[in-house]
Amino acid sequence: MQKSNPIVLSSLVKTFPNGLVALDGVNLEIQEGEIFALLGPNGAGKTTLINIICGLSTKTSGDVKVDGLDIERHFREVRQLIGLVPQELYTDMFETVWDTVCFSRGLFGLPKDSPLVEKILNDLSLWSKRQEIMKNLSGGMKRRVLIAKALAHEPRILFLDEPTAGVDVELRQDMWELIRSYKKQKVTIILTTHFIDEAETLADRVGVINQGKLILVEDKISLMTKLGKKTLVIYLEERINKTANVISRFNLDVKNDGLELEYTFDENEEGTAISDLIRALAAEGIHFKTLETKKSSLEEIFLDLVVKKK
Amino acid sequence: MKRFNYVGLLAIYKFELSRFKRTFWQSLVTPIITTMLFLLVFGNAIGERVGGISGVSYAAFIIPGLIMLTILNESLSNSSFGIYMPKFNGTIYEILSAPLSPYEIALGYVGAAASKSILLGLLILCTAIFFIDIPIQHPFLMFAFLIYISFVFSMIGFIIGIVSKSFDQLQFVPLLIITPLTFLGGAFYSIDMLPEIWRTATLLNPIIYIISTFRWSFLGVSPVSIYVSLGVITVIFLLSLTLIVIIFRTGYRVKT
């Protein structure tokens, strides 16, 4: 029998009492063991989507199934599978790290498991802080504790809502390593982030949500291949005359006071244009020192999809 | 999958009790000292002039009322604060995303608040017994009423904690409604001492039935029928339960 996808959303709609449509008919299937990055501008509906799946928010209509089970009728089984790291640093200020992680495990109906909690705290470099009360911890440490709390009941699905917001570069790298390690343990990870390089580095698939609608869901590599553009940068020996024919003919951008030319092309559609361009430059007596190609990042693709279409 | 998450319920319960331990002076010592001061001033200083009521000294007469004054306020405050704080600091996310039914969540908070009130009530009683000779005609019923009333008012406190949007609103019911009603509800006097018109008016105050029930378990006499009083408390219990069910069914001020 084929195993169902861990999360399946069908025509999910969320309308708030003030009339705001936060999710507008979202259909999405998250695959077992993948890292899925959900990208979108502020207010796009990312957190609302997570909140509905995790039980913090009620849906207006549509279906949400986790491991083939309806999230409302089978809320106990569903929630047992899910760990949630919220966007904000929500903590009980006067609890110790150890107690707050054990408390989270208890909420899931599981008996105390000191070796497991010790392992999680060690993995997150929190072991030395286990007797520290939460209010004495830095923002980055609190973020780690929230991850530890989410992992305390050994979830199979982990939601990370902006997991590296407000953390330093070193901790960010540590978090990425941690996320990768949980993927190796077959944990399905759904990640929302504002750092698109994070999604580019970690994700297997990417979803882009804007104004409550899921604009696209695509394998990251094929997305970058399909929507990605390349730029050829030509570093000239001398300043170019801005009226040169080649500029208008190939729609070149003149940069660095005429010492650089940029030619943007779609790598999927490109045929002989680059060789034509080089020949045209030579024909007009324009000599270059060197050439460089740049591939557009996921961030540029995201901006193209969301921001420029506003 | 088990149908009842008693471990989760117990986690909430223990968490709330640990908060109680952290605020030992505020939660336990202060109410006891306050009650003893009431007893000293009203029971001894004024009581000697008042004389006996219902066959006991005035000091002995007011002890059940003083215990109720503390229990009602502490049950409301502890329970409302218990659920309001996770809403305020955002940590309610982990309660709502855990495999806990709304009733397990409510029972965790209400049970912890009621336990604190019961402990407090017993400590006040034990302290008072050192100083005042007080009869307890129905000790088991006294204990049962203490549990019942603590639970009912902890349920009301839980509702207040859910609907409150600010610390100001959290304090509104205990300070501006329950405390005045308790003072006017016979904590310090028997309603039989009032003129007929005021006695009738006092019967509209639900607190009178609560104090009368509890005092009956001590003195064996009550100005109102014990069955009517128990009926009123049960109506309050059922109303509170209905409101909690509605709150959780609709997600009112709990879920977005």
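The values are calculated or read from the model by the stated rules, or taken from the named source; none is laboratory data. Quick caveat, the model's predicted, so the values are computed rather than measured. Note: ideal-geometry Cβ built from the backbone for every residue, glycine included; neighbour counts use all protein chains shown. Remember, those area values only see protein heavy atoms, side chains included, never the ligands or the DNA or RNA. Shrake-Rupley method; radii C 1.70, N 1.55, O 1.52, S 1.80 Å.
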*In region A:81-103, how many are more than 8 Å from chain B (Cβ to nearest Cβ), open to solvent by 20 Å² or more (accessible area, probe 1.4 Å) and aliphatic (A, V, I, L, M)?*
2
*Starting from region B:110-133, keep only residues that are under 14 Å from residue B:65 (Cα atoms), then list their pairs with residues that are open to solvent by 10 Å² or more (accessible area, probe 1.4 Å) and not in a helix (DSSP H, G or I) whose Cβ atoms are within a distance under 9 Å, requiring at least 6 positions of separation or different chains.*
B:125/B:134; B:125/B:136; B:128/B:134
*residue A:58 is checked against (1) under 27 Å from the mean Cα position of the chain (by Cα); (2) more than 7 Å from every other protein chain (Cβ to nearest Cβ); (3) over 26 Å from residue B:16 (Cα atoms) and fails just one. What number does that condition carry?*
(2)
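I need the full set of residues from region B:216-256 which are among the polar types (S, T, N, Q), within 14 Å of chain A (Cβ to nearest Cβ) and not in a helix (DSSP H, G or I), in order please. Show your work before the answer.
Of region B:216-256, the ones among the polar types (S, T, N, Q) are B:217, B:222, B:225, B:229, B:234, B:240, B:242, B:250, B:256.
Imposing the further condition that a residue be within 14 Å of chain A (Cβ to nearest Cβ) reduces the set to B:250, B:256.
Hit for region B:216-256 is B:256, nothing else.
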*Residue within region A:44-59 that is farther than 30 Å from residue B:105 by Cα and crowded, with 23+ Cβ neighbours inside 10 Å present*: yes
*Of the residues that make up region A:162-172, is at least one open to solvent by less than 60 Å² (accessible area, probe 1.4 Å), aliphatic (A, V, I, L, M) and at pLDDT 85 or above?*
no
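Residues checked against (1) basic (Lys, Arg); (2) closer than 20 Å to residue B:97 by Cα:
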position: A:106; (1), (2): no, yes
position: A:114; (1), (2): no, no
position: A:137; (1), (2): no, no
position: A:147; (1), (2): no, yes
position: A:156; (1), (2): yes, yes
position: A:160; (1), (2): no, yes
position: A:171; (1), (2): no, no
position: A:179; (1), (2): no, no
position: A:185; (1), (2): no, no
_Out of the helices (runs of 4 or more DSSP H) lying entirely within region B:88-163, which hold 1 or more residues that are buried (at least 17 other Cβ atoms within 10 Å of the Cβ) and touching a strand residue (DSSP E or B) at 6+ places or on another chain (Cβ under 9 Å)?_
B:92-96
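Select from region A:104-126 the residues that are in a loop (DSSP other than H, G, I, E, B) and within 9 Å of chain B (Cβ to nearest Cβ) and list them in ascending order. Give the steps one after another, and end with the answer.
Keep residues of region A:104-126 that are in a loop (DSSP other than H, G, I, E, B), which gives A:108-113, A:124-126.
Of everything in region A:104-126, those that are in a loop (DSSP other than H, G, I, E, B) and within 9 Å of chain B (Cβ to nearest Cβ) turn out to be A:108, A:109, A:110, A:111.
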*Filter region B:190-215 for residues that are open to solvent by less than 50 Å² (accessible area, probe 1.4 Å), more than 14 Å from the chain's Cα centre (by Cα) and touching a residue at least 40 places away in the same chain (Cβ under 8 Å); which is farthest from residue B:74 (Cα to Cα)?*
B:190
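Can you list the helices (runs of 4 or more DSSP H) found entirely within region B:1-62 that contain at least 2 residues being within 24 Å of the chain's Cα centre (by Cα) and more than 14 Å from chain A (Cβ to nearest Cβ)? Let's see the steps before the verdict.
Details: elements: B:6-22, B:30-38, B:47-50.
Of the helices (runs of 4 or more DSSP H) lying wholly inside region B:1-62, those with at least 2 residues that are within 24 Å of the chain's Cα centre (by Cα) and more than 14 Å from chain A (Cβ to nearest Cβ) span B:30-38.
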_So residue B:177, is it β-branched (Val, Ile, Thr) and surrounded by fewer than 18 Cβ atoms within 10 Å (Cβ to Cβ)_ = yes
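Determine, yes or no, whether residue A:69 is within 27 Å of residue A:6 (Cα to Cα), surrounded by fewer than 21 Cβ atoms within 10 Å (Cβ to Cβ) and either of a type in the set (A, V, I, L, M, F, W, C) or without any contact (Cβ under 8 Å) to a residue 60 or more places away in the chain (or both). Steps first, answer last, please.
Details: within 27 Å of residue A:6 (Cα to Cα): yes; surrounded by fewer than 21 Cβ atoms within 10 Å (Cβ to Cβ): yes; either of a type in the set (A, V, I, L, M, F, W, C) or without any contact (Cβ under 8 Å) to a residue 60 or more places away in the chain (or both): yes.
Against the criterion (within 27 Å of residue A:6 (Cα to Cα), surrounded by fewer than 21 Cβ atoms within 10 Å (Cβ to Cβ) and either of a type in the set (A, V, I, L, M, F, W, C) or without any contact (Cβ under 8 Å) to a residue 60 or more places away in the chain (or both)), residue A:69 qualifies.
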*Inspect region B:109-131 for any residue being within 30 Å of residue A:74 (Cβ to Cβ), in contact with a Lys or Arg (Cβ under 9 Å, 6 or more places away or on another chain), within 14 Å of chain A (Cβ to nearest Cβ) and not aliphatic (A, V, I, L, M) and give the result as yes or no.*
no
*For region A:230-239, how many residues meet the condition of being surrounded by 18 or more Cβ atoms within 10 Å (Cβ to Cβ) and modelled with pLDDT under 85?*
1
